[in-house]
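Each value in this text was obtained by applying a stated rule to the coordinates, not by laboratory testing. In this text the structure is predicted, and so the values were computed from the model without any measurement. Cβ: placed from backbone, ideal geometry, glycine included. Neighbour counts: every protein chain shown.
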Amino acid sequence: MAGQTILVDLNRCVGCWSCAMACKMGNHLDVDEYRMSVRTLGSGGIDEPSGTFPDLHMSWLPVWSKKCTRCPDRQAEGDLPYCVLSCPAHALYLGDVDDPASEAGKKREELTARGFRAYELDEWEDTHANVLYLTPGK
């Protein structure tokens, strides 16, 4: 998975949508146009947990569409894409995850050493390539 990969630490994502809104505003997208979204992993709706009170569970999954350009103008100037830059939870990284000297590579190494599982979304999801998700557990 060499090259510019977005690494997502799912343990840190809080589902705030800052990444999607920064992308939308920074790229001057139309009201109904999104290049990324944040899925709620729970009972099926946006911000609806699964389980029964008091044992409720909910997590989030940022998803980049194939329309995502990774903000090439920003990267050419040495800046991060809007989505990575705006994440208040520091759940997003950009870089070569196979290079232990890059920030994304260091984060991948740290999380996998702590037992995190790394995966990509399946092809049938029709999402942007080079997004690596890390989540605790097996």
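Odds and ends about this structure:
- Cα-centre dipole for segment 5-135 with unit charges at Cβ (Lys and Arg positive, Asp and Glu negative), debye to 20: 220
- The helix-only estimate of mean residue ellipticity at 222 nm for the chain, built from DSSP H runs of length n ≥ 4 each weighted as -39500 (n - 2.57), is -5500 deg cm²/dmol after division by the residue total.
- Applying D = kT/(6 pi eta Rh) to the chain, where Rh is the Kirkwood radius over alpha-carbon pairs, T corresponds to 25 °C and eta to 0.890 mPa s, the Stokes-Einstein value obtained is 157 µm²/s.
- Spin-label pair Glu109/Thr69, simplified geometry with 7 Å Cα→Cβ offset, distance in nm: 3.4
- Extension gain (nm, one decimal) between Glu123 and Phe53, 0.36 nm per residue minus Cα-Cα: 21.7 nm
- Taking segment 1-109 and dividing mean pair separation by its residue count, relative contact order in percent (alpha carbons under 8 Å, at least six apart): 37
- Gain on full extension, evaluated as 0.36 nm per residue between Val14 and Asp98 minus their Cα-Cα distance, stands at 27.6 nm.
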